[in-house]
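Student: Got a structure for you, written out below as C-alpha coordinates; questions coming shortly.
The values are calculated or read from the model by the stated rules, or taken from the named source; none is laboratory data. Since we're looking at a predicted model, the values are computed, not measured. When we count neighbours, we look across all protein chains shown, and the Cβ atoms used for this are built from the backbone with ideal geometry, even at glycine. The area values use the complete protein model at the heavy-atom level, side chains included, leaving out ligands, DNA and RNA. Shrake-Rupley method; radii C 1.70, N 1.55, O 1.52, S 1.80 Å.
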Number of protein chains: 2
Amino acid sequence: MDNRWIARAIQLAEESARSGGGPFGAVIVRDGKLIAEGVNEVTIANDASAHAEITAIRAAGRALSTFDLSGTEIYASCEPCPMCLGAIYWARIGAVHYAADRHDAANAGFADEFIYREFAAGPALRKIPLNHVLDPDARRPFTLWRLKEDKTPY
Amino acid sequence: MDNRWIARAIQLAEESARSGGGPFGAVIVRDGKLIAEGVNEVTIANDASAHAEITAIRAAGRALSTFDLSGTEIYASCEPCPMCLGAIYWARIGAVHYAADRHDAANAGFADEFIYREFAAGPALRKIPLNHVLDPDARRPFTLWRLKEDKTPY
(Lines give C-alpha, C1' and ligand atoms only; values in the text may rest on other atoms or scores of the structure.)
Protein backbone atom coordinates (compact mmCIF):
# COMPACT_ATOMS: atom_id res chain seq x y z
CA MET A 1 0.00 0.00 0.00
CA ASP A 2 1.27 3.41 -0.99
CA ASN A 3 -0.59 6.47 0.27
CA ARG A 4 0.48 8.45 -2.80
CA TRP A 5 -1.89 6.46 -4.98
CA ILE A 6 -4.82 6.87 -2.61
CA ALA A 7 -4.15 10.63 -2.65
CA ARG A 8 -4.09 10.53 -6.46
CA ALA A 9 -7.39 8.62 -6.61
CA ILE A 10 -9.01 11.23 -4.33
CA GLN A 11 -7.55 14.04 -6.45
CA LEU A 12 -8.98 12.44 -9.61
CA ALA A 13 -12.38 12.17 -7.90
CA GLU A 14 -12.34 15.86 -7.06
CA GLU A 15 -11.23 16.88 -10.55
CA SER A 16 -13.98 14.69 -12.01
CA ALA A 17 -16.69 16.25 -9.84
CA ARG A 18 -15.44 19.73 -10.75
CA SER A 19 -15.49 19.00 -14.48
CA GLY A 20 -19.02 17.55 -14.56
CA GLY A 21 -18.37 13.84 -13.93
CA GLY A 22 -19.13 11.74 -10.87
CA PRO A 23 -17.02 12.22 -7.70
CA PHE A 24 -15.00 9.03 -8.03
CA GLY A 25 -11.44 8.26 -9.15
CA ALA A 26 -9.27 5.15 -9.42
CA VAL A 27 -5.68 4.30 -10.21
CA ILE A 28 -4.13 0.97 -11.30
CA VAL A 29 -0.52 0.40 -10.31
CA ARG A 30 2.04 -2.35 -10.85
CA ASP A 31 5.45 -2.59 -9.16
CA GLY A 32 5.09 0.99 -7.91
CA LYS A 33 4.38 2.37 -11.38
CA LEU A 34 1.19 3.91 -12.69
CA ILE A 35 -0.54 1.78 -15.34
CA ALA A 36 -3.84 3.63 -15.79
CA GLU A 37 -6.26 6.09 -14.22
CA GLY A 38 -10.02 6.41 -14.44
CA VAL A 39 -12.86 8.65 -13.30
CA ASN A 40 -16.62 8.20 -13.18
CA GLU A 41 -17.99 9.01 -16.67
CA VAL A 42 -21.54 7.66 -16.24
CA THR A 43 -23.36 10.90 -17.03
CA ILE A 44 -20.75 12.24 -19.47
CA ALA A 45 -20.53 9.05 -21.56
CA ASN A 46 -24.17 7.92 -21.09
CA ASP A 47 -22.73 4.65 -19.82
CA ALA A 48 -24.10 3.23 -16.55
CA SER A 49 -21.04 0.96 -16.34
CA ALA A 50 -18.48 3.79 -16.56
CA HIS A 51 -17.49 3.88 -12.89
CA ALA A 52 -13.95 5.01 -12.08
CA GLU A 53 -12.66 1.47 -11.43
CA ILE A 54 -14.13 0.21 -14.71
CA THR A 55 -12.77 3.09 -16.80
CA ALA A 56 -9.37 2.45 -15.15
CA ILE A 57 -9.59 -1.29 -15.93
CA ARG A 58 -10.43 -0.51 -19.56
CA ALA A 59 -7.55 1.96 -19.81
CA ALA A 60 -5.16 -0.55 -18.22
CA GLY A 61 -6.27 -3.22 -20.69
CA ARG A 62 -5.53 -0.86 -23.57
CA ALA A 63 -2.17 0.16 -22.03
CA LEU A 64 -1.04 -3.44 -21.47
CA SER A 65 -2.82 -5.01 -24.48
CA THR A 66 -4.42 -7.66 -22.29
CA PHE A 67 -7.59 -8.19 -20.28
CA ASP A 68 -5.48 -9.92 -17.58
CA LEU A 69 -4.27 -7.39 -15.01
CA SER A 70 -2.60 -9.94 -12.71
CA GLY A 71 0.12 -8.37 -10.59
CA THR A 72 -1.59 -4.98 -10.44
CA GLU A 73 -3.33 -3.27 -7.51
CA ILE A 74 -6.17 -0.77 -7.67
CA TYR A 75 -6.52 2.35 -5.53
CA ALA A 76 -10.01 3.86 -5.47
CA SER A 77 -11.36 7.03 -3.90
CA CYS A 78 -14.35 4.98 -2.68
CA GLU A 79 -15.10 1.34 -1.89
CA PRO A 80 -15.88 -0.51 -5.13
CA CYS A 81 -19.57 -1.26 -5.72
CA PRO A 82 -20.58 -4.86 -6.60
CA MET A 83 -20.22 -4.13 -10.33
CA CYS A 84 -16.69 -2.82 -9.89
CA LEU A 85 -15.69 -5.55 -7.43
CA GLY A 86 -16.88 -8.10 -9.99
CA ALA A 87 -14.80 -6.38 -12.69
CA ILE A 88 -11.78 -6.43 -10.35
CA TYR A 89 -12.19 -10.21 -10.02
CA TRP A 90 -12.51 -10.70 -13.77
CA ALA A 91 -9.42 -8.54 -14.35
CA ARG A 92 -7.49 -10.58 -11.74
CA ILE A 93 -6.30 -7.47 -9.93
CA GLY A 94 -4.35 -8.52 -6.84
CA ALA A 95 -5.55 -6.08 -4.17
CA VAL A 96 -7.96 -3.20 -3.61
CA HIS A 97 -7.25 -0.10 -1.52
CA TYR A 98 -10.05 2.39 -1.00
CA ALA A 99 -10.63 5.61 0.96
CA ALA A 100 -14.32 6.49 1.44
CA ASP A 101 -16.77 3.61 1.92
CA ARG A 102 -20.27 2.61 0.78
CA HIS A 103 -21.85 4.53 3.66
CA ASP A 104 -20.08 7.74 2.65
CA ALA A 105 -21.30 7.11 -0.92
CA ALA A 106 -24.88 6.59 0.35
CA ASN A 107 -24.69 9.88 2.27
CA ALA A 108 -23.71 11.58 -1.00
CA GLY A 109 -26.77 10.09 -2.73
CA PHE A 110 -25.28 7.04 -4.46
CA ALA A 111 -26.85 3.57 -4.51
CA ASP A 112 -23.77 1.44 -3.68
CA GLU A 113 -25.04 0.40 -0.26
CA PHE A 114 -28.52 -0.38 -1.62
CA ILE A 115 -27.04 -2.61 -4.34
CA TYR A 116 -24.87 -4.45 -1.80
CA ARG A 117 -28.03 -5.11 0.22
CA GLU A 118 -29.82 -6.36 -2.90
CA PHE A 119 -26.99 -8.85 -3.54
CA ALA A 120 -27.20 -10.06 0.05
CA ALA A 121 -30.98 -10.39 -0.15
CA GLY A 122 -30.95 -13.26 -2.66
CA PRO A 123 -32.79 -13.44 -5.99
CA ALA A 124 -36.33 -13.98 -4.69
CA LEU A 125 -36.34 -10.81 -2.56
CA ARG A 126 -34.67 -8.47 -5.06
CA LYS A 127 -36.20 -5.40 -6.63
CA ILE A 128 -35.17 -6.49 -10.15
CA PRO A 129 -36.73 -9.86 -11.04
CA LEU A 130 -34.37 -12.53 -12.41
CA ASN A 131 -36.21 -14.97 -14.60
CA HIS A 132 -34.49 -18.27 -15.51
CA VAL A 133 -35.95 -19.21 -18.90
CA LEU A 134 -35.78 -22.92 -19.61
CA ASP A 135 -34.72 -23.00 -23.25
CA PRO A 136 -33.55 -26.26 -24.84
CA ASP A 137 -30.80 -24.33 -26.68
CA ALA A 138 -29.47 -22.63 -23.51
CA ARG A 139 -26.22 -24.60 -23.38
CA ARG A 140 -25.50 -24.59 -27.11
CA PRO A 141 -23.04 -21.64 -27.01
CA PHE A 142 -21.04 -23.40 -24.28
CA THR A 143 -20.97 -26.68 -26.22
CA LEU A 144 -19.66 -24.78 -29.22
CA TRP A 145 -17.08 -23.07 -26.97
CA ARG A 146 -15.87 -26.33 -25.43
CA LEU A 147 -15.37 -27.90 -28.85
CA LYS A 148 -13.56 -24.88 -30.31
CA GLU A 149 -9.82 -25.49 -30.55
CA ASP A 150 -8.48 -22.01 -31.35
CA LYS A 151 -10.27 -20.15 -28.55
CA THR A 152 -8.74 -17.69 -26.07
CA PRO A 153 -9.91 -18.97 -22.68
CA TYR A 154 -10.13 -16.66 -19.66
CA MET B 1 -41.06 -12.27 -21.38
CA ASP B 2 -40.71 -12.99 -25.08
CA ASN B 3 -38.91 -16.16 -26.15
CA ARG B 4 -37.79 -14.50 -29.38
CA TRP B 5 -35.33 -12.34 -27.47
CA ILE B 6 -33.90 -15.26 -25.51
CA ALA B 7 -33.41 -17.06 -28.83
CA ARG B 8 -31.66 -13.95 -30.21
CA ALA B 9 -29.35 -13.73 -27.15
CA ILE B 10 -28.38 -17.39 -27.60
CA GLN B 11 -27.82 -16.84 -31.33
CA LEU B 12 -25.55 -13.85 -30.55
CA ALA B 13 -23.60 -15.99 -28.08
CA GLU B 14 -23.02 -18.66 -30.71
CA GLU B 15 -21.99 -16.13 -33.36
CA SER B 16 -19.60 -14.54 -30.86
CA ALA B 17 -17.95 -17.87 -29.99
CA ARG B 18 -17.59 -18.68 -33.69
CA SER B 19 -15.97 -15.33 -34.48
CA GLY B 20 -13.39 -15.43 -31.66
CA GLY B 21 -15.26 -13.76 -28.80
CA GLY B 22 -16.67 -15.27 -25.60
CA PRO B 23 -19.82 -17.47 -25.82
CA PHE B 24 -22.24 -14.92 -24.38
CA GLY B 25 -24.88 -12.63 -25.88
CA ALA B 26 -27.41 -10.13 -24.55
CA VAL B 27 -30.28 -8.06 -25.90
CA ILE B 28 -31.96 -4.98 -24.41
CA VAL B 29 -35.60 -4.44 -25.31
CA ARG B 30 -38.24 -1.82 -24.56
CA ASP B 31 -41.94 -2.11 -25.37
CA GLY B 32 -41.26 -5.13 -27.56
CA LYS B 33 -38.63 -3.30 -29.62
CA LEU B 34 -34.91 -3.98 -29.82
CA ILE B 35 -32.79 -1.21 -28.28
CA ALA B 36 -29.31 -2.75 -28.34
CA GLU B 37 -27.37 -5.99 -28.55
CA GLY B 38 -24.04 -7.04 -27.07
CA VAL B 39 -21.60 -9.94 -27.06
CA ASN B 40 -18.64 -10.83 -24.89
CA GLU B 41 -15.62 -8.88 -26.18
CA VAL B 42 -13.24 -9.47 -23.25
CA THR B 43 -10.45 -11.09 -25.25
CA ILE B 44 -11.09 -9.17 -28.47
CA ALA B 45 -11.15 -5.71 -26.83
CA ASN B 46 -8.65 -6.49 -24.01
CA ASP B 47 -11.37 -5.32 -21.63
CA ALA B 48 -12.17 -7.52 -18.63
CA SER B 49 -15.45 -5.63 -18.20
CA ALA B 50 -16.71 -6.28 -21.74
CA HIS B 51 -19.26 -8.97 -20.93
CA ALA B 52 -22.28 -9.23 -23.21
CA GLU B 53 -24.64 -7.49 -20.77
CA ILE B 54 -22.21 -4.59 -20.29
CA THR B 55 -21.55 -4.13 -24.02
CA ALA B 56 -25.34 -4.15 -24.53
CA ILE B 57 -25.82 -1.57 -21.73
CA ARG B 58 -23.16 0.66 -23.32
CA ALA B 59 -24.76 0.32 -26.74
CA ALA B 60 -28.21 1.07 -25.29
CA GLY B 61 -26.84 4.18 -23.56
CA ARG B 62 -25.43 5.38 -26.88
CA ALA B 63 -28.67 4.55 -28.72
CA LEU B 64 -30.90 6.36 -26.19
CA SER B 65 -28.40 9.10 -25.21
CA THR B 66 -28.85 8.35 -21.52
CA PHE B 67 -27.32 6.16 -18.84
CA ASP B 68 -30.84 5.54 -17.45
CA LEU B 69 -32.37 2.47 -19.09
CA SER B 70 -35.56 2.48 -17.00
CA GLY B 71 -38.40 0.71 -18.75
CA THR B 72 -36.13 -1.73 -20.59
CA GLU B 73 -35.61 -5.46 -20.02
CA ILE B 74 -32.48 -7.47 -20.70
CA TYR B 75 -32.33 -10.96 -22.20
CA ALA B 76 -29.04 -12.78 -21.70
CA SER B 77 -27.79 -16.12 -23.00
CA CYS B 78 -26.44 -16.81 -19.48
CA GLU B 79 -27.20 -15.67 -15.93
CA PRO B 80 -25.52 -12.30 -15.29
CA CYS B 81 -22.37 -12.46 -13.15
CA PRO B 82 -22.11 -10.09 -10.15
CA MET B 83 -20.42 -7.42 -12.30
CA CYS B 84 -23.21 -7.50 -14.86
CA LEU B 85 -25.97 -7.71 -12.25
CA GLY B 86 -24.46 -4.62 -10.63
CA ALA B 87 -24.43 -2.84 -13.99
CA ILE B 88 -28.08 -3.83 -14.52
CA TYR B 89 -28.94 -2.16 -11.20
CA TRP B 90 -27.01 1.00 -12.05
CA ALA B 91 -28.71 1.14 -15.47
CA ARG B 92 -32.14 0.69 -13.79
CA ILE B 93 -33.14 -2.09 -16.15
CA GLY B 94 -36.52 -3.44 -15.09
CA ALA B 95 -36.12 -7.20 -15.46
CA VAL B 96 -33.60 -9.88 -16.39
CA HIS B 97 -34.33 -13.01 -18.41
CA TYR B 98 -31.54 -15.56 -18.85
CA ALA B 99 -31.12 -19.02 -20.40
CA ALA B 100 -28.00 -20.88 -19.14
CA ASP B 101 -27.00 -20.39 -15.49
CA ARG B 102 -23.81 -19.90 -13.46
CA HIS B 103 -23.33 -23.65 -13.14
CA ASP B 104 -23.45 -24.11 -16.91
CA ALA B 105 -20.89 -21.28 -17.18
CA ALA B 106 -18.66 -22.98 -14.60
CA ASN B 107 -18.84 -26.23 -16.56
CA ALA B 108 -17.60 -24.30 -19.61
CA GLY B 109 -14.65 -22.95 -17.60
CA PHE B 110 -15.93 -19.52 -16.55
CA ALA B 111 -15.54 -18.03 -13.06
CA ASP B 112 -19.10 -16.67 -12.52
CA GLU B 113 -19.96 -19.18 -9.81
CA PHE B 114 -16.62 -18.65 -8.03
CA ILE B 115 -17.17 -14.86 -8.00
CA TYR B 116 -20.71 -15.28 -6.62
CA ARG B 117 -19.23 -17.41 -3.82
CA GLU B 118 -16.59 -14.75 -3.14
CA PHE B 119 -19.33 -12.10 -2.76
CA ALA B 120 -21.22 -14.35 -0.35
CA ALA B 121 -18.06 -15.06 1.64
CA GLY B 122 -17.68 -11.51 2.97
CA PRO B 123 -14.59 -9.29 2.72
CA ALA B 124 -12.41 -11.00 5.35
CA LEU B 125 -12.54 -14.41 3.63
CA ARG B 126 -12.09 -13.23 0.05
CA LYS B 127 -9.22 -14.09 -2.26
CA ILE B 128 -8.69 -10.43 -3.21
CA PRO B 129 -7.90 -8.33 -0.11
CA LEU B 130 -9.94 -5.13 0.37
CA ASN B 131 -8.03 -2.58 2.37
CA HIS B 132 -9.96 0.39 3.82
CA VAL B 133 -7.36 3.18 3.99
CA LEU B 134 -8.20 5.81 6.59
CA ASP B 135 -7.35 9.03 4.78
CA PRO B 136 -8.48 12.39 6.23
CA ASP B 137 -9.35 13.57 2.68
CA ALA B 138 -11.49 10.50 1.89
CA ARG B 139 -14.82 12.37 1.95
CA ARG B 140 -13.62 15.52 0.20
CA PRO B 141 -14.90 14.54 -3.29
CA PHE B 142 -18.37 13.87 -1.82
CA THR B 143 -18.40 17.20 0.03
CA LEU B 144 -17.54 18.92 -3.24
CA TRP B 145 -20.29 16.93 -4.97
CA ARG B 146 -22.95 17.80 -2.39
CA LEU B 147 -22.15 21.52 -2.66
CA LYS B 148 -22.11 21.52 -6.47
CA GLU B 149 -25.30 23.07 -7.86
CA ASP B 150 -25.08 22.21 -11.56
CA LYS B 151 -24.42 18.48 -11.14
CA THR B 152 -26.19 15.60 -12.90
CA PRO B 153 -27.18 13.26 -10.04
CA TYR B 154 -27.84 9.58 -10.68
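Student: Within segment A:71-146, which helices (runs of 4 or more DSSP H) (wholly inside it) include 3 or more residues that are within 15 Å of the chain's Cα centre (by Cα)? Quick ask: steps written out before the conclusion?
Tutor: Values: elements: A:82-90, A:102-107, A:112-121.
Fully inside segment A:71-146 and qualifying: A:82-90, A:112-121.
Student: Of the numbered conditions (1) touching a residue at least 40 places away in the same chain (Cβ under 8 Å); (2) over 27 Å from residue A:81 (Cα atoms), residue B:15 satisfies every one except a single condition; which is it?
Tutor: Going through (1) touching a residue at least 40 places away in the same chain (Cβ under 8 Å); (2) over 27 Å from residue A:81 (Cα atoms) one by one, residue B:15 breaks only (1).
Student: For residue B:112, which of the numbered conditions (1) crowded, with 18+ Cβ neighbours inside 10 Å; (2) at the interface with chain A (Cβ under 7 Å from one of its Cβ atoms); (3) of a type in the set (D, E, K, R) fails to hold?
Tutor: Just one mismatch for residue B:112, condition (2).
Student: Can you name the condition, by its number, that residue A:5 falls short on among (1) over 15 Å from the mean Cα position of the chain (by Cα); (2) among the hydrophobic types (A, V, I, L, M, F, W, C); (3) assigned to a helix (DSSP H, G or I); (4) within 9 Å of chain B (Cβ to nearest Cβ)?
Tutor: That leaves (4) as the condition not met.
Student: Tell me which residues, restricted to segment A:133-143, are of a type outside the set (Phe, Trp, Tyr) and open to solvent by less than 40 Å² (accessible area, probe 1.4 Å). Step through it out loud before you land on a result.
Tutor: Step one: list which residues in segment A:133-143 are of a type outside the set (Phe, Trp, Tyr), which gives A:133-141, A:143.
If the condition is that a residue be of a type outside the set (Phe, Trp, Tyr) and open to solvent by less than 40 Å² (accessible area, probe 1.4 Å), then A:133, A:135, A:138, A:141 are the ones that fit.
Student: Counting only residues that are at the interface with chain B (Cβ under 8 Å from one of its Cβ atoms) and more than 11 Å from the chain's Cα centre (by Cα), which one in segment A:31-53 is surrounded by the fewest Cβ atoms within 10 Å (Cβ to Cβ)?
Tutor: So the residue we want is A:45.
Student: Considering (1) open to solvent by less than 10 Å² (accessible area, probe 1.4 Å); (2) in contact with a Lys or Arg (Cβ under 7 Å, 6 or more places away or on another chain), say which one residue A:68 fails and leave the rest.
Tutor: If we test residue A:68 against (1) open to solvent by less than 10 Å² (accessible area, probe 1.4 Å); (2) in contact with a Lys or Arg (Cβ under 7 Å, 6 or more places away or on another chain), just (1) comes out false.
Student: Determine which member of the set A:140, A:146 is without any contact (Cβ under 8 Å) to a residue 24 or more places away in the chain, of a type in the set (Lys, Arg) and touching a helix residue (DSSP H, G or I) at 6+ places or on another chain (Cβ under 8 Å).
Tutor: Working: A:146 fails: touching a helix residue (DSSP H, G or I) at 6+ places or on another chain (Cβ under 8 Å).
After applying the criteria, what remains is A:140.
Student: Looking at (1) part of a loop (DSSP other than H, G, I, E, B); (2) modelled with pLDDT of 95 or more; (3) not polar (S, T, N, Q), find the lone condition where residue B:20 falls short.
Tutor: (2)
Student: Restricting to segment A:11-30, give me the number of residues that are open to solvent by less than 50 Å² (accessible area, probe 1.4 Å) and over 19 Å from residue A:58 (Cα atoms).
Tutor: Step one: of segment A:11-30, the residues open to solvent by less than 50 Å² (accessible area, probe 1.4 Å) are A:12-14, A:16-17, A:20-29.
Then keep just the ones that are over 19 Å from residue A:58 (Cα atoms); that gives A:14, A:17, A:20.
Selection size over segment A:11-30: 3.
Student: In segment B:118-145, how many are more than 7 Å from chain A (Cβ to nearest Cβ) and more than 16 Å from residue A:8 (Cβ to Cβ)? Step through it out loud before you land on a result.
Tutor: Applying the first criterion (more than 7 Å from chain A (Cβ to nearest Cβ)) to segment B:118-145 yields B:120-127, B:134, B:136, B:143.
Those left that are additionally more than 16 Å from residue A:8 (Cβ to Cβ): B:120-127, B:134, B:143.
Of the residues in segment B:118-145, 10 are more than 7 Å from chain A (Cβ to nearest Cβ) and more than 16 Å from residue A:8 (Cβ to Cβ).
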